[in-house]
Each structure stands twice: as C-alpha cells, then as structure tokens.
Amino acid sequence: MFKFMHKKHPVPAERLRHQKELFRYAKTAQHGFPSKPSALAYDPTLSLMAIGTKSGAINVYGQPGVEFYGQHKNVESAVRQIIFLPNQGRLVTHCDDNTLHLWEVNFRSGTSVLEEVNSTTMEGKLKTISTCCLEASGEHLLVGTEGGNIYLLNIASFSLTDNIIYQDVVMQNVPDDYKVTPGAVECVRQHPVFPDKILIGYNRGLMVVWDRKQLNAERVGIWDRKLVHGEQTYVCNQSLETVCWSRDGAEFMSAHNDGSFIIWNARKLSKPDGPHAPYGPFPCKSMTRVSWVTTDSGDWVVFSGGMPRASYGDKHTVSVLKRDAQREEEKHVAFDFTSAVVDFVLLGGEGTESKEGPHTLLVLAEEELVAVDLSSEGWPTHQLPYLSSLHSSAITTASYVTDCSETAYRRLVAAGERQRQPASQKPWPITGGERVGEPCSSRDLLLTGHEDGSVCVWAAGDVSLRLIYRLTTSRLFSEEEDDRDRRERELDEEFPPLRSVGVFDPYSDDPRLAVKRVALCGDSAALVVAGTAGQIVVWRLAEEEKEGYKVQPVLVDLVSEQDSFAWKGHDRLPARPEPLTLPAGYQPSSVIQLHPPAAVSALSLQDSWGLLAAGTGHGFVLFDFIQNKPVMHKCTLNPHDYAASGESPMTRGKSLKKSLRESFRRLRKGRSQRAAGPRRASPSPAGGQTPTAATDSPAAPQHARRGLSPPVTVSDDDVRPVERSVEARSEDPAFSGMIRCLYLATSYLASGQPPMRTLWAGTNSGAIYVYAVHCAAGEKRNTTPVTWQPGKEFRLKHGAPVIDIRIVDAGGRSVCRAPADQAATGPHRVVIASEEQFKVFTLPTMRPYGKFKLTAVEGSRVRRIGYARFCASPTDDSAYTEWCLMCVTNQGDINVFTLPELRRQMHEESIRREDILGITSLVFTEHGEALYLASSSLYQRLALSSGVAVRPSCRLKLPEGARPAAGAAAPAAASAPATDESAAEAKQRTASGDSRPAAEASFSSGADTTVDSHRDFLSSSEKPVESAAAATSGAAGGGDGSGPSEPEVVEISTEEADRLLNGMRGLVNGVGGREERSVENYKEEKDGVKKSLEKSKETHISASEDEQNNVTAQREETERVLTTTESTSDSVTTRSKEEVRVVRTTRITAGTKVTEVTPPATTAAAAAATTAGTRQNGNGGGGKRRALTTGPSVTLAPSESDYNSMDGASVGATEAPLAHCEETETDL
C-alpha cells in the first residue's frame, strides 16, 4: 500500500535551469498564401508590398526573408484599402467597420516589427468611408464617403481637420438640368503636377476637377453618348468605377460599369476620346480597376474585368494593352485566373519624371498572387519566392523531412530548375528591407500531397517557403487529358486573347487520385506516394529523359485468404496503356496496386534496405522495390468486419434492433456509475505522470478544464487527485483492423542475438505485430529474396488505436537518426503511443519502463506524434541537448515529454479545439517546431525549442528624416486655420509630461468627437494629477510649509475651451464609454516552485450631464493581480489568488460658464514671459482668455477644496470657473 502514499519531491535546480534553456513556445513565421485577401498596396520607394485580409490581418513583404505581420483588434472587420506613406515605413488601413488605422514598422529587440500606433473612427451613416487617397506630400488623407463629402485626415495627429469638400458645394457648378444626386464618392485622385487639384469621381458618373485652393470646380464632366451640350459639359448615364491620371496630368481616364473606358482632356474643352470597349460591342462586365501609364513611345492600359457577359461572364481577367504613340494597339493579352481578382499593381514607371513603362504586373487574386514580367519577351510569370499557393489543389497530407543530405538536396533543386524553364529569368522585383543575421542554412523539406494526385516539395528551412519541385502522379493512371492542357486549348482562340496564368486549380476529376501518404528518404531523395485507391508509386530522380516507359502495376491482394470477402467500394485506377515519355526529374521505378483498392492509411520507407511497408483498412504489405515484388502481406480484417467491404456498418454489421439495445445498455451503465458516487483514488502512475482532477463541464474554470486541480485548502500530500479509469473498449468491427502506423528500424528483437531489421505494425484496435526481416548484403541483394519471420504479437489492454511506434536509444534519440557506429550501442527502448497514453518498453524483453496516461488525466486524445532534438543554441554544438517526444491532442494542446522517462516539460494551448483542420494537419519537425494549417492556404509555424532559428529577423532602414519626428507639430493645410505653437507653450507642455504634438494634444473643432480623443485627454492628466497631489502635501503658499499650496492654472484658448465642453457632451450623447485592458506577466522558478504574476489594468471612460448642463467625465482605473503558485515536481499543485482594487478615479466637471482670466504681469520680465506664452490667435498678451485648471496636458486640482480655494483668488476670475477635477483612490 506504500504506492498510494505519494510524496512530492522538489525538482532539482539544475533541471529547472535546463527547462528554461531548452523549452520556449512562440509563433514564429507564416508560410503560404493569406486566407481571403481583400486589399493590395505597394511602396515604390522602399519596395515593399502589403496584403490585407477579410479577417483583419495585414502582412508586409520585402525581399525574401523580410516579412512583417500585423492584426487588427477586430478580427471580423475586413481590410478594404491599404495606403503606404511613401518612404516612411508607415501605412494606413481602411477597414469595413468604418475605421482608419495607422501602422509603423519599428525596430524592437533587434528586429523590426509592424505595430499599430493610432486609429480613428468616423461615426454616422453619411460618413461611411468609400475611398481614400493620400496627398503627394503625405500630410493629409483625402477620405471620400458614401454621403458624397470628402474629409481631410491629418496624418500627424490622425484626426479630421476643418477642411471639408461638401457635395452640395460641388453640385453648384453643375448645370440645372443635371443637378441630380451623384451618389457616393467612388474615387479621388490628386493631380500629378498640381497638388492643389484633385479629380473626384462620383458613383453615378459625375467627375469633377476640384481646385482646393480656389474652392471651385475647374471642369465638370457628365458623359452622354448621344449629345454634347453646353460649354465644359458632357452628357452621360453610365456608372463610374474608377479614374486615373496620365503621367503629365493633361488627360485622365475613366472606367465604367459597361466595360468601357474614356479618355478626357483636362486642359482644354474637346470631345473625349472614346468610349472604348475592348471586348464590345456586346454587353460586357464592369471594368472595376484601371491603370494608365503614358510614355514617349506609347502607353500601357491595364484593367480588370470588361469581358463579354454572355460568352465569358465567368472569367476572371486582367487585360494589358500596349499601344504605340498613335494609340494603335501593339500587343493585347487578357490574363485569365481561376479565382476572382482582388486588385493589381503596376511596378515601374512611377512618377511624373519617369519616361519608362512598367516592368512587372502584380495581380492579387482570391487564391493566389501572380507576378507577370512585362519587360521580357512573351510576358512570362515570375516564380514566387514566398506567398506560394499551397492549396493549388486541396492539401490532403503532409510530411516534414529534417536535414536532407546535401547531395539529395542539390539534385532536387537541379530537377526543379529544369521544371521552371518557361518562367521569367529576371530577379524578384520586390527587394525592400534587409535580413538581420545570417539566413538559416538547414536543408529541411516540406512535402504536401494534394487532391489532384500531385506532390509538392518545398524548401522549408527558412522564413520563405519556396517551391522546389512539383510531381504529378495522374499521368500514370488517368486516361483523361490534363485539365490545364484542356483549358489551354479552349483558350487558344483569336479573340479575346486569353492566357491562363497561375497554379490554383481546385477541381479534381477523379477523387481516387488524392494523395493519402507521402514519404521521402533524406539521403537518396527516393520518394514514395500512396493514394486513395490503393495505388503506391516509388519515384527516383533521373538526370535524363526516358522514352517508352509502360506502366505495369504489381497487384497485391491483402484479402486473398478471406474467401467470403467482397469489396463493394470504388474501382482501382486504370494504368495508362500507351508508353510514356518521362522527362528528367522524378521517374517511377515501381508501381504497386493494393486490393481491395482502399485508401492507404500508413506508410514507411527504408531506401537503404530497398523496402517499404504500406497499410490500409484491410492489412499491410512489405514490398521489395529493388526486385519489384512483395515480401509478405497480412490481412488484419476482422472476420465479422462487413464495413470494410464498402457497405455501411449499420446496414450490414448491425441490425437496428441490436443498435438500440446497445444504446440503452450504455445509458443504464452511465446512470449506475453516477449513482455510485466518486471512485477510489487510483495508484500513482509510473514515470513522470501528473494526474489531477479533471472536469468536462463547460462552466468549469479554465485550469480545471485543462486538467489542473482547482485551488484547495487541503494539502496535496494527503489527498491524491482522482484519475479516470481507462477501460478496455469494445471492438468496433468497422475499423478494428485498420493499420494506423508502420515502422522499419534495426533493433534487438530476441535476447542474445545481434540487432536485426524489424517491421512494426499497429492497428486501430491496439494490436501490435512485430516481424524480423532478413536481407542479403552486397550484390546478392538484387537476386536473393528477402525473408521474414514472426517476432512478437501483443495487444494493448485498453485497446486504444496505436498511432506511432518509435525505437530510441539510451539518450532518447531515434535509432534511425543515429550515426551508423552508434545505432547499436546502449539499451534500446520502444515507445508505443496510442491515442490515450504513451508506454515505453525495454528491448528485447518488452519489460515496461514507464508510461503516461494522457486521457485518464486530462480527457484528451492524441492526434499527432513527433520526436525532436531540443538544444539551447542553434549554432553552438556543445550546448546541452535533449531528445523529447511531442504530441498534439484533439483539444489543440501541444505537450512535450522527456525520453525515455516521459516527464512532461511543456503544455501549451496552441490551436482552438474547434479547428479540426489545424489539429489534423499539424506536423512536427526534429528541430522542436510544428507547422499546422491556420487556413486552407496558410501554414503557421510554431517554435517549441529555445534554439529554433527559423523566425523572421529583418530590419527596415529609412532615410534620414524620412519619417516625421514623434513630437513635431503637424503641418497645417493650406486652407486650414493656422495652429502654430509658440516655443514657451511647447516648453510648458513638455514639462507637464505631454510629448505629443500640439495638434494631437488638443481637440479639433472640425473633427468628430470620439472615445479615443477623450481617452487621450483623460490619460494625459494622470501624471499631472500626481504632481499636483505631491505639491499639495508639501509646503504651503510659496513653499514654506505654512499652508496648502495653490494648484497650477494653465491658460487655454477660447476655442479649446469650447471644444472641451462640446467634446464632453458628445461623449454623453452618442459615443458612450470604452474599456481598455493591458496585461503584464511575470514568471519565476525557484526551488521546485514556479510563481507567475499576471497584472492587468482596466480603464473605463464615461460621462454624464446634470440638470444645470454641467458635464462630468470620469476615468476609472482598476488593477487586477492574479498570483499563481505551481509546483513543478511529479504532481502538479496550483494555487491561485486574485486581488482587485480601484487604483484611481479621475473626474472632470465642466460648466456652462467660463472664467475670463487676465494674466498678471507684476514685473516686466513676467509680462514678457506671459506675452511669449500666448498663442497667436488674435488675443494679445494682455487680452482676456479662458482659464482652465485641467486640460490635455496641464496640472489638475487634486481635490474639491483646492478647487474652491482657486475661485477668484490668484487668477483674477470674474465668473464661475470652467472645469475642475476630482481624484480618489480606493482599495477593495
């Protein structure tokens, strides 16, 4: 009974130090294409590209390896538009929740990161943002709205200015016959030569060249195809899509919803050139986007859409028209995409001084990015160094190969280069940023199998996931023509000049082609691909082309011993009857066809042996691909397994009556167990198991749902947590014989014998089969048959599916990865991982060494297993290392265990439990990493080890003075009121703790009142309040300690006082309150005890108004401290303590009456200082101004008594004061 008396032992300090050095969880990089892209932008100065998505993500890309990731707080708000601030490393995003956000690339902790630094919201239905345009100076953003007005956003303060272009004013210049509602602002474009002029395009066809300096319309265009009326007026009825200027600003082009474009003369009154319908005269789709680049030798017109509705309405195209100086068409290509076009950008030819045409066309589609080289003959496409379309066909399986041999890697790259002959030979055009440190040089490969039977080999050892080779297996089986070839032939017509581009092709004609398992040998690059219809192909690299190859599959019948078995599923794939010409690269060496043609569920390859093992739901086979014949096969089919014949288990295996009977039995059994009360405590598990009480209740705390015991008052040394009992399950005949894992390795199988080649097979019912395999050596291997003999056969007591088997040496390293001279040294142990627990047995005696019951403790099931080498440093070979087991559960948790002791070292909640795709697609690497599909097109990379080197580490260098200084005042617009700040006021504002620009530290009279503005106002008063309180508690009067000191009074202008009062009322009337939260974490491990402190601050802003129209704004700051103490010994004990207290409550009250202040001037020096501190707003140094004891950057009166003592005292107040502040501190 001593085994029930469990005593915790403290973890040694050295072990704690190793844990801190080896294990660290982080999300490092993203590979692939962002899901659901919605916006594209390009910075020609810094050569950066940005992509926004419908989930609020924003990614910035430069040269390969330079990537920055950002995420909006509202993940349900799509990014509609991205605008770069040229040469500043900043950009503005417009989201569909009517918000604008300012982002910056800043240098933090040795690398550059993308950070959101400001945001603003436009309230009101008529202020719904429809389009944005940045001024050439970069000072203001022109914001067009659905209501027809255009607002100016000051970039420095990120607030709206007073300058508004109202639609009513614009409509005054339109003739009376056409004064109809023009609709929303569809687009705004600034004149390329005269920055005071902007071209405004309204939805219903009205276009205006607006002079912002003269505040009038220079030209109004309303196009009508039938008549021309009046001076400077054209008659029209076509809706407008977009407009663009020519390079010199003499003309502009408009695109319309009927698929046409028109060229207008902006300098003189003349009939427009057009309309031009490139694919008319029949009705065409809308021309949604157009770009026009003019050169001395001609012009380029690039547009999306415009295809004939009847014949090509389902096409997604971007057309490129190259015309000569007489605007006669020289070249015309319509690039056809398989997914909808989101946006496109032309690279090259930017600016009014440039005389060159574009060199690259970047097209962002919904499922891929395509770069067309316009400077090369034939306009080929670029090979993408990143943003590859991983899901060109749906990913069905994946495998990761760590540290491929240099020879095999070099041969793979050479074969891939031969595949890319038609691609552009020009370098990748986006070259912004630079990498920090040396790029990762590991030769890791990621293999993805796809639904159409293709396999892609990716270089995965760096931040950029680069395609090396693409293999297609359908040419061996399918007699139908390739879908892409057929589509190319359909597009081979004279007009429209369509050309298919891109690799995204989601459709597969035959689901049997889907790849289910893939394996690659890192030493020889031999590749094995297994599919859905039981087809297995062994591929080898060849340097030369091979002609006359005939596909001859080797049939292996797994159910030959089952006479009564009848397969009623799909047929096998027929092999191509005619000889094939195989290009250089991967060529098939062996083709295997399993019968029944069920999907391959397990695969193992040992190229040095010349053997592979494959399993299905009916059994497994050991195949010799050197002699091209099977060695042995075994049927694991249950004699009563009718479901494996392809029929429903309900109709054949069970009757409805039997099924109902079993259901009622389970219900009665559950009631009896609940009535019996709590079970007795189970004995302590071996190894490093950490059993705790677990609950599945959704209302339970987070730590309880994750398997950690809740806080208790009884000592954990006296009471053991309850452990679930893992009972032997009843065999489900539908899947009991399915092979879940296969393993080929050299190890000890019998006592007193040397190591031998072995085959291990695990089934869905917990059965494990072990066989000894004997192969001849040397030249005899090609002729001598491979023999085998049964070794061991046993079954797990709990009958859980066996998902992985691995043999490790004394240090926990896999014997397959160990050097040849060390593979047979030391004791070998086999790790058998089922869905519910891990077990370690010593070979060859199969004596239990340890186990960890995951399901019994936490209620989760294992989905994926991996083994990795954890190292404290990726470059130092002498650093401490460990080999560990990694697993992911059906709850999305990742766990790391030491080998062979199975002591848990890490537990992280990585993937949402609802994300089935992410959990099932996860693969581990031997560097202590994991990759999973965050979406169907994007892999998210995770680091579990401190020594992981694959992470974005880059820097963006900006020219000197490119970005405005953080504290510089925003330049005033030409038409906006002057807001200059004197040196004395700037000095006083800096001394009070406010480092913001003057325009940002005050309210704008023309801007809308937002919660952000009040939050900034109230937060800026925090430090001054503390200083005022400190002054009050000190000396009185002049500082001699005789009485209370007077609070500091700071003057503000009359306009600022009005804005403050109106802004506070706006907070009451429509804006409401807002909560913000900041979290600080602190962790410490000492003497076997891990302490963590989570400190969070919550700020809530609200306002109210009383009957006397006095407005009170309140800012309440609450601090929460959560202290967690956890023992890191064998049993986990967690105690938590939470403290909540209101740290500070600040109130600002503003009345309707104001205080007129005459600044005292007792001496000439004081009068001069007072005059210098007055703003240039029309009030002289001796004029009356409104005084305020609180403001955006001033000292506040700390209490009511101090406020009352100010009234009419030292400041010469003649009326009631404007505002006062109350501050209280409360501890709960």
Kindly check whether there is at least one residue in the stretch 585-600 that is outside any strand (DSSP E or B), within 40 Å of the chain's Cα centre (by Cα) and more than 13 Å from Gln535 (Cα to Cα).
no
Sole exception among (1) closer than 23 Å to Arg420 by Cβ; (2) touching a strand residue (DSSP E or B) at 6+ places or on another chain (Cβ under 8 Å); (3) not small (Gly, Ala, Ser); (4) not in a strand (DSSP E or B) for Arg327, by number
(1)
Which strands (runs of 3 or more DSSP E) sit wholly inside the stretch 99-218 and have at least 2 residues that are of a type in the set (A, V, I, L, M), open to solvent by 20 Å² or more (accessible area, probe 1.4 Å) and touching a strand residue (DSSP E or B) at 6+ places or on another chain (Cβ under 8 Å)?
111-121
For Arg410, indicate whether it is on the phi < 0 side of the Ramachandran plot, surrounded by fewer than 18 Cβ atoms within 10 Å (Cβ to Cβ) and touching a residue at least 40 places away in the same chain (Cβ under 8 Å).
no
Suppose the filter is closer than 30 Å to Leu46 by Cα, of a type in the set (Asp, Glu) and within 25 Å of the chain's Cα centre (by Cα); does Glu368 pass it?
yes
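Residue-by-condition table, conditions (1) open to solvent by 10 Å² or more (accessible area, probe 1.4 Å); (2) under 29 Å from Arg418 (Cα atoms); (3) touching a Gly at 6+ places or on another chain (Cβ under 9 Å):
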position: Ser564; (1), (2), (3): yes, no, no
position: Val591; (1), (2), (3): no, yes, no
position: Leu594; (1), (2), (3): no, no, yes
position: Ala598; (1), (2), (3): yes, no, yes
position: Asp607; (1), (2), (3): yes, yes, no
position: Gly617; (1), (2), (3): yes, no, yes
position: Val631; (1), (2), (3): yes, no, no
Here are Arg904, Arg912: which of them is modelled with pLDDT under 95, among the charged types (D, E, K, R) and open to solvent by 60 Å² or more (accessible area, probe 1.4 Å)?
Arg912
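Residues are listed down the side, and each one gets a yes or a no for (1) outside any loop (DSSP other than H, G, I, E, B); (2) open to solvent by 10 Å² or more (accessible area, probe 1.4 Å); (3) under 23 Å from Pro959 (Cα atoms):
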{"residue": "Ala50", "(1), (2), (3)": "yes, no, yes"}
{"residue": "Ser55", "(1), (2), (3)": "no, yes, no"}
{"residue": "Val60", "(1), (2), (3)": "yes, no, yes"}
{"residue": "Gln63", "(1), (2), (3)": "no, yes, yes"}
{"residue": "Lys73", "(1), (2), (3)": "no, yes, no"}
{"residue": "Ser77", "(1), (2), (3)": "no, no, no"}
{"residue": "Arg80", "(1), (2), (3)": "yes, yes, no"}
{"residue": "Phe84", "(1), (2), (3)": "yes, yes, yes"}
{"residue": "Gln88", "(1), (2), (3)": "no, yes, yes"}
So, first residue under 21 Å from Pro44 (Cβ atoms) in the stretch 54-81, second residue of a type in the set (Ser, Thr, Tyr) and outside any loop (DSSP other than H, G, I, E, B), Cβ within less than 7 Å, six or more apart or across chains; the pairs are Ile58/Thr93; Asn59/Tyr69; Glu67/Tyr61; Phe68/Ser112; Val79/Ser38; Val79/Thr53; Val79/Thr93
How many residues, within the stretch 255-274, are buried (at least 19 other Cβ atoms within 10 Å of the Cβ), out of contact with any Asp or Glu (no Cβ under 8 Å at 6 or more places or on another chain) and not in a loop (DSSP other than H, G, I, E, B)?
1
Does the stretch 858-866 include one or more residues that are touching a residue at least 40 places away in the same chain (Cβ under 8 Å), closer than 20 Å to Thr402 by Cα, of a type in the set (Gly, Ala, Ser) and surrounded by 23 or more Cβ atoms within 10 Å (Cβ to Cβ)?
yes
Would you say Arg418 is over 25 Å from the mean Cα position of the chain (by Cα) and either at pLDDT 90 or above or open to solvent by less than 40 Å² (accessible area, probe 1.4 Å) (or both)?
no
Among the candidates Ala856, Ala833, Ala800, Ala772, which residue alone is assigned to a strand (DSSP E or B) and within 38 Å of the chain's Cα centre (by Cα)?
Ala833
Every residue in the stretch 260-290 that is aliphatic (A, V, I, L, M) and either at pLDDT below 85 or closer than 22 Å to Arg247 by Cβ (or both), please.
Ile262, Ile263, Ala266, Leu269, Met287, Val290
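Yes or no, residue by residue, for (1) assigned to a loop (DSSP other than H, G, I, E, B); (2) acidic (Asp, Glu):
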{"site": "Leu362", "(1), (2)": "no, no"}
{"site": "Glu367", "(1), (2)": "yes, yes"}
{"site": "Gly378", "(1), (2)": "yes, no"}
{"site": "Thr397", "(1), (2)": "no, no"}
{"site": "Arg443", "(1), (2)": "yes, no"}
{"site": "Leu446", "(1), (2)": "no, no"}
{"site": "Asp452", "(1), (2)": "yes, yes"}
{"site": "Val455", "(1), (2)": "no, no"}
Are there any pairs, at least 6 apart or on different chains, whose C-beta atoms fall under 8 Å, with the first in the stretch 514-533 and under 17 Å from Ala408 (Cα atoms) and the second open to solvent by less than 20 Å² (accessible area, probe 1.4 Å) and among the aromatic types (Phe, Trp, Tyr), and if so, which?
Ala526/Trp539; Leu527/Trp539; Leu527/Tyr586; Val528/Trp539
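Each row is one residue, and each column tells you yes or no for (1) more than 44 Å from the chain's Cα centre (by Cα); (2) under 21 Å from Leu446 (Cβ atoms); (3) surrounded by fewer than 21 Cβ atoms within 10 Å (Cβ to Cβ).
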position: Cys521; (1), (2), (3): no, yes, yes
position: Gly531; (1), (2), (3): no, yes, no
position: Glu547; (1), (2), (3): yes, no, yes
position: Lys550; (1), (2), (3): yes, no, yes
position: Leu558; (1), (2), (3): yes, no, no
Specify the residue that is surrounded by the fewest Cβ atoms within 10 Å (Cβ to Cβ); the eligible residues are those in the stretch 279-314 that are more than 30 Å from Gly249 (Cα to Cα) and of a type in the set (Gly, Ala, Ser).
Ala310
Determine, yes or no, whether Gly437 is touching a Cys at 6+ places or on another chain (Cβ under 9 Å) and either within 18 Å of Ser953 (Cα to Cα) or not in a loop (DSSP other than H, G, I, E, B) (or both).
no
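The values are calculated or read from the model by the stated rules, or taken from the named source; none is laboratory data. In this text the structure is predicted, and so the values were computed from the model without any measurement. With ideal geometry, Cβ positions are generated from the backbone for all residues, glycine too; neighbour counts draw on all protein chains shown. Surface accessibility is based on the protein's heavy atoms, side chains included, excluding ligands, DNA and RNA. Shrake-Rupley method; radii C 1.70, N 1.55, O 1.52, S 1.80 Å.
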